[in-house]
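The structure under discussion appears below in the form of structure tokens.
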């Protein structure tokens, strides 16, 4: 039975029986506090108007807190949430644990075939979709065209890290509160380690060798972390060890950053004239590479809506997930906020839409960046894992955050780069031995 028919039938029964909204099902939805998800919450009247028998209750959390709470809830079958916002890291791992409801029998007009293959592939197990992508992203350089011109530097479409360093040095004007570059420093496997892992990939580094032995004391990792720390010390904002995606977004929108290297999804926010003071002064470039290695970070992420297998409200949850990730929702955002604000990186049809292409100067670079990712080979070296800016093993969530804490401490000046790398190597080795990867 189609969901639409099911819910129309349910509504008719309620009306005939004389029930009021007191009998409505309430979905508890856990989500992250970023701009796209907050926008979705503001638009849910459209959903409740067509589903009067479903009420929505939101739990909106900072990224690191969200990950901790939803992971604990689903692993313990706590049943606190009916819909969860999770990443493409969790989806295949949790699906294989039978923790997620398969998204079969979606409404006929959902058009799952329209989902970008790179994104849908990361959310599927044995050809079955286990989460629906709300938006997808790779990573790229966003920069102030006016500051680059004033500083006399050119940022090419395909920059190297040396060119980024030169531009950051030239654009930095700390006396006037301008920092040449803003990068993630807040500890977390999905915060600073997302960026630093992507950077390390571009430097030719790898997390593990083929025997699962950590490689943080390699030359490639030493070059990565030293260059990152030097960039941030010379050209970054104060207190950067507390800055994640949202903090750097605010700095860039306020005109404080010459460059920001981060998720492609940020492009719609830095070019939003209602939110960004520099909306008409933003240029874009691909994620940098080191020398001629040809590896540009291999970042691939999506925030997705998934339904825990423990929910007792599966049909209602599926109806909401279908609405929030549909073509209809994309059109709704465009009608309210303009095409530039449409959730990016999930549907082929969006990138074929001339209205979107015209409104979003970053569209082609976003799509090219996503399509260029090969999660089976994020490093130029041989590796035993898949992933992009993360390692696709269950233990990575804890290990990645612990390593991120070492690197954040080095950024804050509490330890040297060598000390942070040595500590990262030791703690990762210990955890990998405990988990049985290293014999």
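Looking only at region 277-297, filter to residues that are out of contact with any strand residue (DSSP E or B) (no Cβ under 8 Å at 6 or more places or on another chain) and at pLDDT 95 or above; which one of those is farthest from residue 190 (Cα to Cα)? Across region 277-297, the extreme among qualifying residues is 280. Residue 268 is checked against (1) at pLDDT 95 or above; (2) buried (at least 24 other Cβ atoms within 10 Å of the Cβ); (3) out of contact with any strand residue (DSSP E or B) (no Cβ under 7 Å at 6 or more places or on another chain); (4) assigned to a helix (DSSP H, G or I) and fails just one. What number does that condition carry? Condition (1) is where residue 268 drops out.
Scanning region 254-264 finds no residues that are surrounded by fewer than 24 Cβ atoms within 10 Å (Cβ to Cβ), touching a helix residue (DSSP H, G or I) at 6+ places or on another chain (Cβ under 7 Å) and assigned by TED's automatic domain parsing to the domain that holds residue 417.
Restricting region 311-323 to residues that are buried (at least 21 other Cβ atoms within 10 Å of the Cβ) and in contact with a helix residue (DSSP H, G or I) (Cβ under 9 Å, 6 or more places away or on another chain) leaves a set whose member that is farthest from residue 270 (Cα to Cα) is 316. Screening residue 230 on (1) more than 22 Å from the chain's Cα centre (by Cα); (2) farther than 22 Å from residue 404 by Cα; (3) in a helix (DSSP H, G or I) shows it passes everything except condition (2).
When region 30-45 is limited to residues that are assigned to a helix (DSSP H, G or I) and in contact with a helix residue (DSSP H, G or I) (Cβ under 8 Å, 6 or more places away or on another chain), the one that is nearest to residue 81 (Cα to Cα) turns out to be 40. Against the conditions (1) closer than 17 Å to residue 136 by Cα; (2) surrounded by 17 or more Cβ atoms within 10 Å (Cβ to Cβ); (3) in contact (Cβ under 8 Å) with a residue 24 or more places away in the chain, residue 308 satisfies every one except (1).
Since residue 204 meets every condition but one in (1) part of a helix (DSSP H, G or I); (2) more than 19 Å from residue 415 (Cβ to Cβ), which condition does it not meet? Failed condition: (1).
Checked against the criteria, residue 408 counts as closer than 14 Å to residue 240 by Cα and in contact with a helix residue (DSSP H, G or I) (Cβ under 9 Å, 6 or more places away or on another chain).
The number of residues in region 329-347 being in contact (Cβ under 8 Å) with a residue 40 or more places away in the chain and assigned to a helix (DSSP H, G or I) comes to 7. Could you grab me the full set of residues in region 155-173 that are in contact with a helix residue (DSSP H, G or I) (Cβ under 7 Å, 6 or more places away or on another chain) and surrounded by 16 or more Cβ atoms within 10 Å (Cβ to Cβ)? Those that are in contact with a helix residue (DSSP H, G or I) (Cβ under 7 Å, 6 or more places away or on another chain) and surrounded by 16 or more Cβ atoms within 10 Å (Cβ to Cβ): 155, 161, 165, 167, 168, 169, 170, 171, 172. Of the strands (runs of 3 or more DSSP E) lying entirely inside region 53-154, none contains at least 3 residues that are exposed (fewer than 14 other Cβ atoms within 10 Å of the Cβ) and assigned by TED's automatic domain parsing to the domain that holds residue 30.
The values are calculated or read from the model by the stated rules, or taken from the named source; none is laboratory data. Fair warning: this is a prediction, and the values are worked out from it, not measured in the lab. Cβ: placed from backbone, ideal geometry, glycine included. Neighbour counts: every protein chain shown.
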